[in-house]
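One structure is given here, and the rest of the page talks about it.
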Amino acid sequence: MTNPLHDALLAPLGASDTPFLIRPDGSAIDGTAFYGMACRAAGALAERGLAPGDRLAVQVEKSPEALALYAGCLIAGVVFVPLNTAYTTDEIAYFLADATPGLAICDPRMADRIAALGTTPVMTLDAAGQGSFADLAAGLPNRIAPARRTAQDIAALLYTSGTTGRSKGAMLSHENLLSNARALCDLWRIDSDDVLLHALPIFHAHGLFVAVNTTLLAGARMIFLPGFTVDAVLQAMPRATLMMGVPTFYTRLLDAPGFGADVCAGMRLFVSGSAPLLAETHQKFQQRTGHRILERYGMTETGMNTSNPHDGERRAGTVGFALPGVEIAITDAGGAPVPAGEIGMIEVRGPNVFRGYWNMPDKTAEELRQNGFFITGDLGRQDADGYLHIVGRSKDLIISGGYNVYPKEVESVLNEASFVREAAVFGVPHPDFGEAVVATLVVEPGVPVDLPALRHDMSGRLARYKQPKEILLTQSLPRNTMGKVQKNLLRDRHRDLFAAPVSGTP
Ligand code: MCA
Ligand code: AMP
């Protein structure tokens, strides 16, 4: 192989005249046309001086052209660095300084602000696939020789939020991505007859690698929606066979009166992940549609680790078994395996485990053991039949609608307000997002409280989904004898803040 991901995922498209991407209006882009778009993108990166191993930062709306940027990077050997479209300029500044990309491609609305950072040359691509990058690519050849890459070369750098508030770039190799796509195609029986209903964002591992790489490897096709809306998904579902989503997708569908077995008649598989799927949602979904959602478990650093079976029992409230080739260990504080059935830290080893954090050897050493096991920060246990149950997290993390929020990052921004003596950020149950971000502030005596100003400040600095859905004021925070804020008590105290009837109740 000269370039593992190109050869396995993209080269077959170059000779395919069947549809690959289907737009919401039903118009299609066939394999050859998409391969041409990817080659032109690769050519444009070379024109801009990017060489194999250089990074490309991308913050653009979802579109076929945006996906062609990813494919173009694979062809050019350029490391793809996708960024959430919700990130503010402040957040982007950090990623550009850390990844030092040779080019940033962004929506025209962000271009001036990103250019003003002065760190990175900027080109544009809008939601319709237009912009200065598209103009440059348009005139270039439909074919280009793929750059030589080895299985260990880095294909993508994906940022995950860090417990200390600083995001970490997970380096993912060709082998990481390809081995995971192979395991999933096999396990979920994805083949060229499949039509994936793609409504996830393509700047995270779920929508990009789990969904797109498996579709490419299987020679399948995708109905490519710009985002998730219940109406668009209901409209497209009768033409699809497979959907992957976060739990919020499924609870929102269950809330839609038009959703039921009829719409799902052509579907063969629904997959859920990125956040816990309530057993209740699993059961309601089965009652309403006859389908048992297949839940799986993964991380940015590892891709997918475990999955419920395609053919055997899909057990609600569990994430199934280790993928073929992947090992799971449940360990105690010292890293030794706990007795069978007991709760411990979930550790993962296999060809899916990333190459380390970009520029952060110390963080890598903390989380990736010498023996190859990655310490996930998730707590779990295996039941008597071997199904893995995720029972909690040792990391202080909130997962809201499938997006990760590290409280520390939000607390740092809140603590800067003059009237805030101390902030504590935690997650509480939310009927739509699973968990919602809540902040409790201890107020500085004598300083006037100005919540609108605080919210305004946050909106320039933190992506919308990280901003607290509720801000509460308090006299003091509960602490343990060591002086540490007891977030579990705060969570318990405020767990009914967003209480509402469970989604999907008939
Ligand atoms: C939007 N908002 C959110 C979220 N999304 N707030 C909290 N959590 C969120 N996830 C904000 C909006 O800015 C808006 O704020 C308000 O909430 C309502 O927005 P709404 O229109 O309802 O949101 P939406 O645009 O419909 O988005 C909801 C969504 C989206 C479709 C669930 O969040 C989504 O696509 N999530 C998928 C995330 C994902 O792909 N995760 C995979 C990570 P306001 O009203 O104040 O303006 S990869 C991963 O975790 C690993 C590898 C794995 O295992 O998969
Ligand atoms: P990320 O850092 O965005 O890749 O998020 C990874 C985290 O999402 C994992 O460490 C888990 O805490 C969580 N996660 C992913 N899938 C599931 C699942 N099926 N059930 C519970 N948590 C999950």
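The values are calculated or read from the model by the stated rules, or taken from the named source; none is laboratory data. Computed from a prediction, not measured in an experiment: that's the story for all the values here. Using ideal geometry, Cβ is built from the backbone for each residue, glycine included, and neighbour counts are taken over all protein chains shown. These accessible areas exclude ligands, DNA and RNA; they are computed on the full protein's heavy atoms, side chains included. Shrake-Rupley method; radii C 1.70, N 1.55, O 1.52, S 1.80 Å.
As a test of reading the structure, rank 421, 189, 315, 491 by solvent-accessible area (1.4 Å probe, protein chains only), most first. Working shown, then result.
Values: 421 135, 189 110, 315 60, 491 85 Å².
Result, largest first: 421, 189, 491, 315.
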Semi-axes of the equivalent ellipsoid of segment 341-492: what are they in whole Å, largest first, if each equals the square root of 5 times a C-alpha gyration tensor eigenvalue?
33, 18, 16
PRE zone check, label point 7 Å out along Cα-to-Cβ of residue 310, amide N under 20 Å, scope segment 172-187, hits 177-187
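Here are some pairs, 363/487; 363/484; 168/487; 284/484; 284/469; which of them have Cα atoms lying more than 32 Å apart in this structure?
Numbers: 363/487 24 Å; 363/484 23 Å; 168/487 24 Å; 284/484 40 Å; 284/469 27 Å.
From 363/487; 363/484; 168/487; 284/484; 284/469, over 32 Å: 284/484.
Could you sort 148, 23, 40 by their accessible area in this structure, using a 1.4 Å probe and putting the largest first? Provide the component values of the computation, followed by the final result.
Numbers: 148 175, 23 85, 40 60 Å².
These residues rank, largest area first, as 148, 23, 40.
As a check on your grasp of the helix formula, calculate [θ] at 222 nm for the chain: sum -39500 (n - 2.57) over DSSP H runs of n ≥ 4, divide by the residue count, round to the nearest 500. Don't skip to the answer; put the middle values down first.
Details: 14 runs with 136 residues, N = 506.
Theoretical 222 nm ellipticity from helices: -8000 deg cm²/dmol.
Please compute the length gained on full extension between residue 332 and residue 491, using 0.36 nm multiplied by the number of residues separating them and subtracting their Cα-Cα distance.
Working: separation 159, 0.36 × 159 = 57.24 nm, distance 2.51 nm.
Residue separation times 0.36 nm, minus the Cα-Cα distance, leaves 54.7 nm.
Hey, what's the Cα Rg ratio for segment 420-462 versus the globular rule of thumb, 2.2 N^0.38 Å? Could the numbers behind the result be given before it?
Numbers: Rg = 12.6 Å, N = 43, 2.2 N^0.38 = 9.2 Å.
Cα Rg divided by the expected 2.2 N^0.38 Å: 1.38.
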Phi-based couplings in Hz for segment 380-388 (Karplus 6.51, -1.76, 1.60; Gly and Pro marked x):
x, 8, 9, 7, 4, 8, x, 5, 8
Over the C-alpha atoms of segment 75-115, what are the Rg and the largest Cα-to-Cα span, Dmax, in Å?
10.5, 31
Rounded to one decimal in nm, the spacing of the 7 Å Cα→Cβ label points at residue 415 and residue 130 is 4.7
Quick calc: nm separation of the 7 Å Cα→Cβ label points for residue 261 and residue 151 -> 4.6
With +1 on the Cβ of every Lys and Arg and -1 on the Cβ of every Asp and Glu, the dipole magnitude of segment 87-176 about its Cα centre, in debye rounded to the nearest 20, is 240
Let a ≥ b ≥ c be the square roots of the eigenvalues of the Cα gyration tensor of segment 353-410; is it rounded (a/c under 1.5), or, if not, prolate (a/b larger than b/c) or oblate?
oblate
Accessible area of residue 408 in the full protein assembly, 1.4 Å probe (Å², nearest 10):
90
Shape descriptors of the chain over alpha-carbon atoms, Rg and Dmax in angstrom, are 22.6, 71
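Classify segment 1-143 as rounded, prolate or oblate, taking a ≥ b ≥ c as the square roots of the eigenvalues of its Cα gyration tensor: rounded when a/c is under 1.5, otherwise prolate if a/b is larger than b/c and oblate if not.
Verdict is prolate for segment 1-143.
Could you work out the per residue convex hull volume over the alpha carbons of segment 1-68, in cubic angstrom?
Details: hull volume 6.8 nm³, N = 68.
Cα convex hull per residue, to the nearest whole number: 99 Å³.
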Treating cross-link reach as a plain straight distance, find the aspartates and glutamates whose alpha-carbon is under 18 Å from the alpha-carbon of residue 395, omitting any fewer than eight places away in the same chain.
301, 332, 347, 362, 366, 367, 378, 409, 411, 435, 492
One would report the antiparallel percent of DSSP beta bridges in the chain, rounded to the nearest 5, as 60
Just grab the label-to-label distance for residue 384 and residue 23, each label 7 Å out from Cα along the Cβ direction, in nm (one decimal).
5.7
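Rounded, prolate or oblate: which one fits segment 176-253, using the alpha carbon gyration tensor with axes a ≥ b ≥ c (rounded when a/c is under 1.5, else prolate when a/b beats b/c, else oblate)? Each step should come with its number before you reach the end.
Numbers: a/c = 2.04, a/b = 1.48, b/c = 1.38.
Here segment 176-253 falls in the prolate category.
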